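Presented below is the structure to which this report refers.
Laboratory data are not the source of any read-out in this text; all were calculated from the coordinates shown. Model, not experiment: these values are computed from the prediction. Counting neighbours? That spans all protein chains shown, and the Cβs are built from the backbone with ideal geometry, glycine included.
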Amino acid sequence: MDAPAKQAEDFNYKIDLEGLVSLCKRRGFIFQSGEIYGGYSGFFDYGPLGVELKNNLKRCWWQRMVYGRDNVVGLDSSIITNPKVHQASGHVDNFSDPMVDCTKSKKRFRADQLMWARVELEDGTLLGCVSAVEDGDTKAKLEKAAKKLRKKSGADGTLKPLVMKDMTEATEEDVPLVPSPATGEPGTLTGARAFNLMFETQVGPYADSGSTSYLRPETAQGIFSNYKNVFSVSRMKIPFGIAQIGKAFRNEITPRQFIFRSREFEQMEIEYFIDEEADFAAEQEAWLQEMWDYLKGVGLDERLMEREVHVGDKLAHYARACTDIVFRYPFGTSELMGVAARGCYDLTQHAEASKQNMEYQVPPPGKKRRFVPHVIEPSLGVDRLFLALLCSAYDEDEMDGEKRSVLRFAPCVAPITCAIFPLMKKPPELVQKAKELAAKLRRKGYNVVYDDAGSIGKRYRRMDEVGTPFCCTVDFDTLEDDTVTLRRRDDPLVVVRHGRDEIAGILDVECEVPMPPI
């Protein structure tokens, strides 16, 4: 565990997941998709502030990972491609989650997230089983249910410590004893079976086996299938990377925890191709540190982050190594992103299936040899990052005994960079100068809000609630010397005057994207 993670207990959440969901709707960050028709499970729409925040996160990532490097180029591959791509990668046959059904409620659960335990007395008497869907408090829920079961049975004696398992570990004899979380009744759950997560679609005017394709479940395969094209046109030498930001789709059995696990999501991935003889562990560590620094740079609270190394069964069959950066969300600690050493598995699979040569030839003056490149893959979910950033940014302050919410976004990602206020609506010269400043900042590419409604205090308050880092007020001194006040969200009692023409330069410095050292 990283040192900052040991300080996680120093961070106290001032809002829970339900509060975040409510905040996102009220402030225009995220809406339930198709809400006027009751919504659609696992799908979300990003509102006016949400799309700005999301785009800024992607822009910062692209600027740092692509523009900030000499050996990384970009790609935008299609969402639907030749189904042979997914067959070669193994997704058609193996991209599945274990699933159990409740035959009474008709609900489905991921078997590896449905936890259960036998409830036994110290003398070996079996009272039954208890179950709960995995979350940050699963063990406590099972223990509470076990005590309730003992009380209901009227049994005396001490309970054995619970041994928590998931439904993939349940035997044929265990399954009928495990109660369904939906009904609380045993005997209604099926055994675990594989459920393919890819969305099927039909391409062309006729629906038959030859027209079946899939919405991509990850962006990586578009990079691997384009490896030869990119390599030949970009004149890159190993090591080099291909970066992509794009949508992916997974038919999750139980989408949950807001945008953390949804059926449509966005990924930011790099496939970084290295020499087969390179120290892959060192390359992986370098990318882990780079991604950690990016996450800190855009505003994630380091106290909530730590590393988790995949070992044993947790390591994918194709990977030589994988380490996740996990984040302590309000509902528990879960994966935010991963950096995997994928070896040469993907390129080898596509080479065999397509009969295309994927080897790299070492150019002179290097030793003449050919090899299939190995890959380091930093993969980050935009939506999970969005949620982690909201968790990190949310704060509360108190004024006149009233608690108020504040979003402390870093300036480089804040949905609104600066708000421009005329002190009053009259005289017209105040309004004119304020609108001129707003127009100038917009021409520079900043998202600026002009607001002349209500008192200055209320206008500041509105901007604090949506995370705007800077506010400029045009007042009567502006008419005399063309200066404005600049107020910073995180230091609200210090208001400094600057020339109107200086504001754009100040924002340029304050909103710089955190870049890696040269």
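Overview of results
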{"read-out": "Set of lysines near residue 367 by C-alpha distance (under 18 Å), chain-local residues within fewer than 8 positions excluded", "value": "237"}
{"read-out": "The chain - percent relative contact order, Cα under 8 Å, separation 6 or more", "value": "15 percent"}
{"read-out": "Sequence-separation-based contact order of the range 402-510, relative, with Cα cut under 8 Å and 6+ spacing, percent", "value": "31 percent"}
{"read-out": "Volume per residue that the Cα convex hull of the chain spans, once the total is divided by residue count, Å³", "value": "217 Å³"}
{"read-out": "Principal-axis tilt of helix 345-354 within the chain, Cα atoms, nearest 10 degrees", "value": "80 degrees"}
{"read-out": "Calculated [θ] (222 nm, deg cm²/dmol) that DSSP helices of n ≥ 4 give over the chain, each run adding -39,500 (n - 2.57)", "value": "-8500 deg cm²/dmol"}
{"read-out": "The range 183-290, relative contact order in percent, only Cα pairs under 8 angstrom and at least six apart counted", "value": "24 percent"}
{"read-out": "Gap separating the Cα centres of the range 344-410 and the range 487-503, nearest whole Å", "value": "36 Å"}
{"read-out": "Close Lys-Lys pairs in the range 402-510, where close means Cα under 29 Å and separation is 8 or more or interchain", "value": "16"}
{"read-out": "Cα extents of the range 399-451 along the three principal axes, largest first (Å)", "value": "37, 29, 9"}
{"read-out": "The range 64-93 and the range 94-143: distance between their alpha carbon centers, rounded to Å", "value": "37 Å"}
{"read-out": "Karplus-derived 3J(HN,Hα), 6.51/-1.76/1.60, for each residue of the range 57-66, Hz, glycine and proline x", "value": "4, 5, 4, 5, 5, 5, 5, 6, 7, 9"}
{"read-out": "Long-range lysine pairs (8 or more apart or interchain), the range 96-195, Cα under 19 Å", "value": "17"}
{"read-out": "Segments 433-440, 76-83, 489-496, 478-485 sorted - mean Cβ within 10 Å per residue, highest first", "value": "433-440, 478-485, 76-83, 489-496"}
{"read-out": "Using alpha-carbon coordinates, inclination of helix 456-465 to the longest axis of the chain, degrees", "value": "20 degrees"}
{"read-out": "For residue 467, residues with placed amide H under 5 Å, excluding near neighbours", "value": "407"}
{"read-out": "Residues whose placed amide H lies under 5 Å from that of residue 128, excluding near-sequence neighbours", "value": "119"}
{"read-out": "The range 3-130: equivalent-ellipsoid semi-axes (sqrt of 5 x gyration tensor eigenvalues, Cα, Å)", "value": "37, 27, 22"}
{"read-out": "Nearest-ten-degree value, helix 138-153 long axis tilted from longest Cα axis of the chain", "value": "50 degrees"}
{"read-out": "Shape of the range 438-486, Cα gyration tensor, a/c cut at 1.5", "value": "oblate"}
{"read-out": "Per DSSP, loop trypsin sites (Lys or Arg not before Pro) in the range 43-119 with at most 12 further Cβ within 10 Å", "value": "106"}
{"read-out": "Under Karplus coefficients 6.51, -1.76 and 1.60, residue-wise ³J(HN,Hα) of the range 315-329 in Hz, glycine/proline x", "value": "7, 4, 4, 8, 8, 7, 6, 7, 10, 9, 9, 9, 10, 8, 7"}
{"read-out": "Full-extension gain in nm, residue 121 to residue 355, via 0.36 nm per residue minus C-alpha separation", "value": "78.1 nm"}
{"read-out": "Amide proton proximity set for residue 251, modelled H, under 5 Å, gap of 5+", "value": "198, 199"}
{"read-out": "For the range 381-398, Karplus couplings with θ = phi - 60° (6.51, -1.76, 1.60), whole Hz, Gly/Pro x", "value": "x, 4, 5, 5, 5, 4, 5, 4, 5, 4, 4, 6, 7, 5, 8, 9, 10, 10"}
{"read-out": "Listed residue (196, 372, 273) projecting farthest to the positive dipole end of the chain, Cβ model", "value": "196"}
{"read-out": "Three-way shape call for the range 402-510 based on the alpha-carbon gyration tensor, with the a/c threshold at 1.5", "value": "oblate"}
{"read-out": "In the range 286-325, the trypsin sites (Lys or Arg not before Pro) that fall in loop regions by DSSP, at most 14 other Cβ within 10 Å", "value": "none"}
